[in-house]
Amino acid sequence: MLDDPRAIVAMRELVLQWFGVDTLEPAALVTEDADLTEADRAALAQAMSAETRRFVDHVIDKEGADWRELLTAKYSFIDATMATHYGVEPSGEPDSDGFARVDWEHRAGLLGHASFLSGHHGPVHRGLYVRNTILCGSIPGPEGVATDSIPTEPGESDRSKSNKRMEHVDCRSCHVMMDNLGLTLDTFDGLGRWRQQDAHGNAVTSAGEILNLSLIHI
């Protein structure tokens, strides 16, 4: 059954839905780049999605395929648009569809794809996804909690904001379980580009930890 081309399509769509990247609307791309026009956003969203689909097809279709490679692969396949966006040079010549392999230094698997990082921006959304979907945890919504109760300062880093949430008496019980995970991806901006500083000049790191393991069901 897996030799049927339709199986590849079905498995690909399953993976894309699992990682929440089956649809990436241009409007979802945060405008961190002042020169990013609507046309740029549309082209970028299409290229991000195309990279992820090409990568997933490769992993699924390769001999000895292992689902863990979706999370650990230190490579991907990108076109010219994504090469420019990531600021990298592919390691080989493009194929007939314009995709070339690139080997990563700072990324791994689908969580390092711009399609995922753009669709889940910030430590909260990224950490919530990893906790609930990858680690099969269960963090409820913030019903009954004032989500605007923590003051922030102009130019404050995401890590500083997360630390405040993780220390706040009304917020910490949930945020320690998700912000810690999301901060491990803080070296990627809202458009999935690797960075050493945020837009305000704050240094960023990927330090984080998994807490409350007893609440994860694997």
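Each value in this text was obtained by applying a stated rule to the coordinates, not by laboratory testing. Please read all numbers here as calculations on a predicted model, not as lab measurements. With ideal geometry, Cβ positions are generated from the backbone for all residues, glycine too; neighbour counts draw on all protein chains shown.
Some observations on this one:
- Spherically averaged projected area of the stretch 5-82 from its Cα convex hull (nm²): 6.0
- Total charge dipole magnitude, the stretch 1-115, about the Cα centre, Cβ charges on Lys, Arg, Asp, Glu only, Debye to nearest 20: 320
- Counting only the Cα atoms, the chain fills a convex hull of 148 Å³ per residue.
- Most positive-pole-ward Cα, 72, 163, 50, against dipole of the chain from beta carbon charges: 163
- Size of charge dipole - the chain - debye, nearest 20, with Cβ of Lys, Arg +1 and Asp, Glu -1, no other charges: 640
- Note on the stretch 86-201: along the principal axes its Cα atoms extend 54, 35, 19 Å, ordered by decreasing extent.
- Sites residue 169 and residue 132, calculated FRET efficiency, Cβ-Cβ separation with R0 30 Å, nearest 0.05: 0.85
- Quick note on the stretch 34-121: its Rg to Rh ratio, both from C-alpha atoms and Rh being the Kirkwood radius, is 0.96.
- FRET efficiency, 1/(1 + (r/R0)^6) with R0 22 Å, evaluated for residue 27 and residue 4 via beta carbons: 0.05
- Under the combined filter of DSSP loop state and at most 11 neighbouring Cβ atoms within 10 Å, the stretch 47-86 retains these GluC sites (Glu not before Pro): 63.
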